[in-house]
Amino acid sequence: MFTGIIQALGVIQSKQVFEKGARLEFKTHDLDLSNVAIGDSIAVNGVCLTAIEITSHSFKADLSQETLDCTVFDKLNENSAVNLEKALRINQGIDGHLVSGHVDGVAIVVDKFNEGESTRFKIKAPKNLVKYIAKKGSACINGVSLTVNSIENDVFDLNIVPHTLTKTTLGQLNIGDGVNLEVDIIARHLEQLIANK
């Protein structure tokens with residue numbers, strides 16, 4: 001479990017693509033890996049990955065074909081920047097919202113413009129995920145916990161403040177880019193409960 005509050009940036013150091021999956025190495029000088037053990041989870045661009053090899057400044061993880069199909073990792077290459085967050089610990093506060101690291105799909109940036117000191121993004125969600133996105137609800141974009149300003153049809157708006165733009169990869173996004181989208185976990189589970197009532 002994660003919070004969507006990015007702890008550090010990293011880059012893809014290497015990428016090995018297999019017939020049905022991939023192995024990626026992520027390099028970071030800003031994330032303290034001293035208390036991360038093999039088998040621990042780290043969210044990379046919002047995707048919960050299991051560390052299989054760790055050094056003081058890098059870790060490797062295997063990605064299944066399912067993960068590649070549901071995220072933007074198939075389009076990222078060596079030196080691509082990524083958002084990093086270590087798993088939530090019981091004694092840690094929650095500053096964002098509960099994020100599982102199980103990406104629901106890929107959304108597309110359809111507009112980006114300055115609005116005062118912040119930047120407004122318009123994001124087009126996959127049709128099957130629209131029902132989980134609500135005005136003033138939470139959404140996770142590339143691992144970042146964000147508040148939805150509004151939603152019209154399948155496009156929702158987000159305002160990103162300068163701090164978030166500089167401390168995450170969101171400032172590097174351009175119109176047409178794909179992003180990992182995780183909708184609110186409570187909305188998903190509530191739907192399942194009602195459907196099975």
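The values are calculated or read from the model by the stated rules, or taken from the named source; none is laboratory data. The model shown is predicted, which means the values in this text are computed figures rather than measured ones. Glycine also receives a Cβ, built like all others from the backbone with ideal geometry; neighbour counts cover every protein chain displayed.
Details
- Hits in the range 8-40 - residues which are over 11 Å from Leu84 (Cα atoms) and part of a strand (DSSP E or B): Ile12, Gln13, Ser14, Lys15, Gln16, Val17, Phe18, Gly21, Ala22, Arg23, Leu24, Glu25
- Only one of the listed residues (Asp32, Asp40, Asp62, Asp111) is assigned by TED's automatic domain parsing to the domain that holds Cys140, out of contact with any helix residue (DSSP H, G or I) (no Cβ under 7 Å at 6 or more places or on another chain) and surrounded by fewer than 19 Cβ atoms within 10 Å (Cβ to Cβ). That residue is Asp111.
- Lys124 meets all of the listed conditions (1) closer than 20 Å to Gln13 by Cα; (2) assigned by TED's automatic domain parsing to the domain that holds Pro162 but one, namely (1).
- Of everything listed in (1) part of a loop (DSSP other than H, G, I, E, B); (2) in the same structural domain as Leu24 (by TED's automatic domain parsing); (3) touching a strand residue (DSSP E or B) at 6+ places or on another chain (Cβ under 6 Å), the single unmet condition for Asn77 is (3).
- Subset of the range 166-176 (residues that are surrounded by fewer than 19 Cβ atoms within 10 Å (Cβ to Cβ) and under 10 Å from Phe121 (Cβ atoms)): Ile175
- Residue ranges of strands (runs of 3 or more DSSP E) in the range 104-182 with at least 3 members farther than 21 Å from Lys86 by Cα: 105-115, 118-124, 150-152, 155-160
- Residues satisfying the stated conditions in the range 80-97, i.e. surrounded by 11 or more Cβ atoms within 10 Å (Cβ to Cβ) and either at pLDDT 90 or above or basic (Lys, Arg) (or both): Ser80, Ala81, Val82, Asn83, Leu84, Glu85, Lys86, Ala87
- Of all residues in the range 150-194, those satisfying the criterion of being over 13 Å from Lys131 (Cα atoms), among the hydrophobic types (A, V, I, L, M, F, W, C) and touching an Asp or Glu at 6+ places or on another chain (Cβ under 8 Å) are Val161, Ile175, Leu181.
- Among the candidates Asp104, Asp154, residue that is acidic (Asp, Glu) and surrounded by 18 or more Cβ atoms within 10 Å (Cβ to Cβ): Asp104
- Pairs with Cβ under 9 Å, 6+ apart, first in the range 65-86 and under 12 Å from Asp30 (Cβ atoms), second of a type outside the set (D, E, K, R) and in a helix (DSSP H, G or I): Ala81/Thr169; Ala81/Gln172; Val82/Thr169; Asn83/Thr169; Asn83/Leu170
- Members of the range 163-197 found to be of a type in the set (A, V, I, L, M, F, W, C) and in contact (Cβ under 8 Å) with a residue 24 or more places away in the chain, listed by number: Leu165, Leu170, Leu173, Ile175, Val179, Leu181, Val183, Ile185, Ile186, Ala187
- Selection of first residues in the range 19-31 that are over 14 Å from Ile54 (Cβ atoms) and of second residues that are among the aliphatic types (A, V, I, L, M), restricted to Cβ pairs under 6 Å at least 6 apart or on distinct chains, gives the following pairs, ordered by first then second residue: Gly21/Leu63; Ala22/Leu63; Asp30/Ala8.
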